[in-house]
Structure formats: C-alpha cells, structure tokens
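The structure appears right after this line, and notes come after that.
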Protein chains: 4
Amino acid sequence: MSLKMTRDELTRFLEQEFPQVAGDFAIEEVGDMRVRVRLLVGVRHLRPGGTVSGPSIFALADVTVYLATLAMIGPEALAVTTNCSIDFMRKPTAGVDLIAECRLLKLGRVLSVGEVLIFSEGLEAPVARASLTYAIPPK
Amino acid sequence: MSLKMTRDELTRFLEQEFPQVAGDFAIEEVGDMRVRVRLLVGVRHLRPGGTVSGPSIFALADVTVYLATLAMIGPEALAVTTNCSIDFMRKPTAGVDLIAECRLLKLGRVLSVGEVLIFSEGLEAPVARASLTYAIPPK
Amino acid sequence: MSLKMTRDELTRFLEQEFPQVAGDFAIEEVGDMRVRVRLLVGVRHLRPGGTVSGPSIFALADVTVYLATLAMIGPEALAVTTNCSIDFMRKPTAGVDLIAECRLLKLGRVLSVGEVLIFSEGLEAPVARASLTYAIPPK
Amino acid sequence: MSLKMTRDELTRFLEQEFPQVAGDFAIEEVGDMRVRVRLLVGVRHLRPGGTVSGPSIFALADVTVYLATLAMIGPEALAVTTNCSIDFMRKPTAGVDLIAECRLLKLGRVLSVGEVLIFSEGLEAPVARASLTYAIPPK
C-alpha cells in the first residue's frame, strides 16, 4: 500500500485541524504503516519533579496512531479513538523530549489498530507502551 | 474501612501537589471506595466542534482513581498509574462539564484498581469508561 | 429497546452454534442491556490448588458480552470480539462457580461495548473485571 | 541480564506445574527478555469453521509472558497475571498452529510487562496482539 500523505502534508493537516496542540508535536518520519512523532516537552506537560504527565504521554500515543492511520487513508479528520490500553513502565527523564514509535498492525475498512512504544530521548528502555483502535468513518 | 481523607483534604492536597491541574477538577463527593469528580471544561480541553479532547477525558479518569485511592490510604503523592484501559463510546456534549464516577474494585498492599464511568453532565449514556491500576509505594 | 432474544433462545443458540463450550455456561438472567451468566466450574477449568484458570475467566467474560449483545440485536453468530481488557484482582475461591454480571454500555451500529464483573459465588469482592468490544457484522 | 532458565527447564517446569495445559504449548526459542511459543492447535481449541477460539489465543498470550518472565527470574510458579489487554485483529487460519512472539518491556521487582504478537503459522499479518502484566511474588 502506498502512502496517501507525506510528512509535510500530515504536519499541515495537524496545524489546520488541531491548532491547539499541533505545536506540541513534531512528525519525524512517516513510512508504510509506521510513523515516529516527537513530543516537544514544555512546562505545560510537566508534573512536579520535572517528569512528563500521564495525559501528555496519552496524547502523544493517541496522535501518533491517528497520524499513522491518516498517512495510509488520507485526511480523515473524523477518525476517532475508540479504545486505548496504555502501560506506564518507567518515569520519563526530566528535561528531554519523548519519542513515539508507532506501527499499524491492522488497517481495516472500519477499524485501525496501532501499537506505540514511547521513549525518553536517548534512553533505550521504553517509558510507556500503548495500543489504540481508531474507528474510520464510512466514505 | 474508614476514609483517611475528606473531600476538603483531598482538594487541598491536589492544589498543593498538582497546582498546574488542580483548577481543572472539582471533587464532588467522597465515599468508601468511591469518588465523584467534575471536569470544569474550559477552552483548553476542547477540540474543534466544541467536544472535549481525549487527553482531557483520560486526565479526568486518571485523577479520579488517584483520589479514590488516596481517600482510602492517605496522602501518597507518589502513587503512580501503571495501566489504563479506556473506551471512548460517545462524543461529549459541547458546552457542559464532564462527571466521573469512580469505584475502587481492589485496594491491595501494592496495587489499587478502579473503574470509572464518565458522563456529559445531564446525559444518561456514558461518554467513556476506563479502568486504571495504581502502584502504591511501600511505606 | 426491547429484547430480541429470551434466556431460552440464547441458551439454545449457544448449544447450536458453540456445542464445545455451551455446557460450561448457564445463562441466569437476561435484561435490557444486561445479562448474568454462571461458569459451571469443572476440572477442566482448574489450575493446581483448585483455582479457576485465567483463560476460563476470560472465556466467561467473553461469552457474557456476546450474549448481552445478541439479546439486543438477535442471533448474529458472526459478531466477533475485537478488544478485551481484563484485570485479575483476586484468586477465585476453590470449589465454587463463577458468576459474571455484564452491562452493555454502548450498542452502536458497528460496535458494542460491555463491562463485566466476575465473582466467586457467595463472595462480595470481585475476582476480575473486564471490558470488551464486539464488532457487529453489517446486515 | 542472563537467563535463569533454559528452554528445556521451562518446558519441564510447565509439565510439572501445569500438566493440564503443558501439552498445548511448545516453547520454540528463549532469549534475553524474549520467548517464542507455539500453540499446537487441536480440536479443543477450535470454533465452528475451524478457527482458533478467543480463549485459546488468550491462553497462548498469557503463558508466553509467564514463560518470558520465568526465564529471567527463575521458577516462580506463583507469578500471577494482573492485567491483560488483547486486540483480535484477524481470523486465524484454519488448520495451522499459532505462533506467539513475546518481548518483555519491563522486568521490575514487583511487576513485569510483556507484549505479544500472535501469528497463524506462515502468515505475516498478526492475528492478535496482547500486553500483559504479571505480579511477581516477594522473595
């Protein structure tokens, strides 16, 4: 299957459709059923002690599967998350960005399923893992 | 088991330990293994169309199980989420708060498990359900 | 919404479509978006020590949401589980049946979502909780 | 970290501790934080149409993370599953075994977390994915 959206197209789409959060994320790489996204960690993502908050990690996992899905099917702003399971495994390192590596495991007519590993930049052991399902609106 | 923290004590604890987000939440009721929390929906929680964002719903579920756990064990800022499973079932109504009803199903020495139903205020059908596990630090 | 299948019809449907496992389960009560199912615990469900195995608990949760869905939509053998999240919270009591209480939280055109609490008969604290999503085939 | 149990030791441990199910599984490969396990599909695992049942897929995911954990910590029969999230993505092929590839993402003092991809033998697209948490008993 070929990509329906490039990295630049996904970045512009995010800026247009989700202007409140587009500045939080940098799309680093887009491939077949894969995407890598960076959370540009700022003060609003932090908890006391400098660690990144759970909701910010969730938001990163969520946008990453969204973008991986759109890269394959084209700009469908109305794709919605139906389920997420997330394991928080280690405290993120203070003062560094988070990097999410997503792989789509299924891209069906109605549902897409992706899994995500999230890393503090520069560390090998993942901070969190997540799996998400998106419902794709009928054409 | 008797409550270790009242509603007022939980509210003050949230303000002291999590000043960035305490203003988002109003603890409405605290009971034995139960708590009800309101997300005071503001512009920063919204997506285009006026619906509450997924990360905001996650944040509400997360804080609710945290507060239900602390009500039973006392102020343990270091309790951490280890797992969350969340189902997004309906689009939240625009312009109204979200209400989370949490019940703790397990309160062990090491882990607590809670389930949460989240409603748009005034509607009967839930917007989302979540189940979360917290790891409780050893004394 | 009215029920499309009674308890007896669901029992017969299970016997016809899933003869391998129908004898494991007794449907105890069927209501609007609700069902209660008993796992008739036998030797094949046990682990050393007399506790019910994880896969048997999963099977009970799974069939319960299936039956709750069919009660509402009619006999659709082809409805399939797409996701399950399950928390194992306590060791089941040896030598007693398990009882699953299921509530459907969503019954959409394409997906149904149910939550299940599972109890060792006679005990108040649940052994497990689960949430499952079924995909409903198009007519 | 070095392995505490070889493939042969894990196989014998399974036969001794779980004689009811040990014959269902063949441990194919054991590595650092990794294991590959085969479900020897028999009639008792099937549903009408010849597809492998959901509980059998769950059982495979469950035993695989158990074995990956024991390989790292040694024979701890009492490690117990606390959480599983599983996505069923494709119907298994009739008449072939299932292969589970597990990777441990975290091996803590109290909890281990593993993720599993499950394949019908010979097919590239996974049938299911799962993530599981085990609680490790204190020494």
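Which one of C:GLY108, C:GLY23, C:GLY54 has the biggest mean-square fluctuation once chain C is modelled by GNM with Cα springs under 10 Å? Among C:GLY108, C:GLY23, C:GLY54, the largest GNM mean-square fluctuation belongs to C:GLY108. To put it simply, the accessible area of the protein assembly as shown at a 1.4 Å probe is 54 percent carbon and sulfur. Annotation: amide H-H contacts under 5 Å for D:THR93 (H modelled 1.01 Å from N, sequence separation of 5 or more, or interchain): D:SER120.
What number comes out for the charge environment of C:LEU123, summing +1 per Lys or Arg and -1 per Asp or Glu over other residues with Cβ under 15 Å away? Spell out each step's value before the answer.
Values: positive: B:LYS106, C:ARG38, C:ARG90, C:LYS91, C:ARG129; negative: C:ASP97, C:GLU101, C:GLU121, C:GLU124.
Combined, the nearby Lys, Arg, Asp and Glu give +1.
With the simple spin-label model, which puts each label point 7 Å out from Cα in the Cβ direction, the A:ARG90 to A:GLU76 separation comes to 3.5 nm.
A:ASP32 sits with roughly 90 Å² accessible to a 1.4 Å probe, with DNA, RNA and ligands left out of the calculation. Among C:ALA68, C:ALA26, C:ALA100, the largest mean-square fluctuation in a Gaussian network model of chain C (Cα springs under 10 Å) belongs to C:ALA26. Each residue was assigned an accessible area with a 1.4 Å probe, and for A:VAL43 the value is about 120 Å². Decide, for the protein assembly as shown, between rounded, prolate and oblate: order the square roots of the alpha carbon gyration tensor eigenvalues as a ≥ b ≥ c, take rounded if a/c falls under 1.5, and otherwise choose prolate if a/b is larger than b/c, else oblate. Rounded is the answer for the protein assembly as shown, as its axis ratio a/c remains below 1.5.
The lysines within cross-link reach of D:LYS4, meaning a Cα-to-Cα straight distance under 17 Å and a gap of 8 or more places when in the same chain, are D:LYS106, D:LYS139. Annotation for B:GLU76, label-to-label distances across the other copies: 1.9, 4.3, 4.3 nm (shortest first, one decimal, point 7 Å from Cα along Cα→Cβ).
So for B:ARG36, D:ARG34, what's the accessible-area order with a 1.4 Å probe, most first? Write down the numbers at each step before the final one.
Values: B:ARG36 65, D:ARG34 125 Å².
Descending accessible area places them as D:ARG34, B:ARG36.
Ordering C:CYS102, C:VAL43, C:PRO19 by the projection of their Cα atoms onto the charge dipole of chain C, which places +1 on the Cβ of Lys and Arg and -1 on the Cβ of Asp and Glu, puts C:CYS102 at the extreme positive end.
How crowded by other chains is D:58-67, given as the mean number of beta carbons from other chains within 10 Å of each beta carbon?
Details: counts 11, 6, 1, 3, 5, 2, 0, 0, 1, 0.
Across the residues of D:58-67, the mean count of other-chain Cβ atoms within 10 Å is 3.
When the surface is traced with a 1.4 Å probe over the full set of protein chains, D:SER2 keeps roughly 80 Å² accessible. For chain A, the longest principal axis of the C-alpha atoms and the axis of helix A:54-73 are separated by about 20°.
The residue list A:ILE86, A:ILE118, A:LEU132 was ranked by how far each Cα lies along the charge dipole of the stretch A:7-135 toward its positive end, using unit charges on Cβ atoms, and A:ILE86 comes out on top. Couplings 3J(HN,Hα) for the stretch D:7-21, derived from phi with the Karplus relation 6.51 cos²θ - 1.76 cosθ + 1.60 (θ = phi - 60°), are 4, 5, 5, 5, 4, 5, 4, 4, 5, 6, 8, 10, x, 5, 10 Hz, where x marks Gly and Pro.
Given charges of +1 on the Cβ of Lys and Arg and -1 on the Cβ of Asp and Glu, with all other atoms neutral, how large is the dipole of the protein assembly as shown about its Cα centre, in debye to the nearest 20? Walk me through the numbers on the way to the answer.
Numbers: 60 positive and 64 negative charges, 0 e Å.
It works out to roughly 0 debye.
Taking other residues whose beta carbon is less than 15 angstrom from the beta carbon of A:PRO138, and scoring Lys, Arg as +1 and Asp, Glu as -1, yields +3.
Whole number in Å², please: accessible area per residue of the stretch C:19-139, 1.4 Å probe, ligands, DNA and RNA not counted.
On the way: 4410 Å² over 121 residues.
Per residue, the stretch C:19-139 has 36 Å² of solvent-accessible surface.
Neighbours of C:ASP24, meaning other residues whose beta-carbon lies under 11 angstrom from its beta-carbon, give a summed charge of +1 when Lys and Arg score +1 and Asp and Glu score -1. Of all chain D residues, the one whose Cβ lies closest to the rotation axis that maps D onto A, given with that distance rounded to whole Å, is D:SER85, 2. Across peptide D:115-125, the mean count of Cβ atoms from other chains lying within 10 Å of each residue's own Cβ comes to 1.
With label points set 7 Å from Cα along Cα→Cβ, the inter-copy distances at B:ASP8 are 6.1, 6.1, 7.0 nm, sorted shortest first. Charges were assigned to the Cβ only: +1 to each Lys and Arg, -1 to each Asp and Glu. The resulting dipole of the stretch B:7-135 about its Cα centre is roughly 340 debye. Of the residues B:GLU115, C:GLU101, ranked by 1.4 Å probe accessible area with the largest first, the sequence reads C:GLU101, B:GLU115. On association of chains A and B, roughly 1600 Å² of accessible area becomes buried (total for both chains; probe 1.4 Å).
Could you tell me whether chain C comes out rounded, prolate or oblate from its Cα gyration tensor? Rule is a ≥ b ≥ c as square roots of the eigenvalues, rounded for a/c under 1.5, then prolate if a/b exceeds b/c, otherwise oblate. Because a/c hits 1.5 or more and a/b exceeds b/c, chain C counts as prolate. Distances between copies of D:GLY49, taken at a point 7 Å out from Cα along the Cα→Cβ vector and listed shortest first: 3.1, 3.7, 4.8 nm.
The values are calculated or read from the model by the stated rules, or taken from the named source; none is laboratory data. This is a predicted model, so every value here is computed, not measured. Reconstructed Cβ throughout: ideal geometry from the backbone, glycine too, with neighbour counts over all protein chains shown. Ligands, DNA and RNA are stripped out before the accessible areas are found, and what is left, the full protein with its side chains, is counted by its heavy atoms. Shrake-Rupley method; radii C 1.70, N 1.55, O 1.52, S 1.80 Å.
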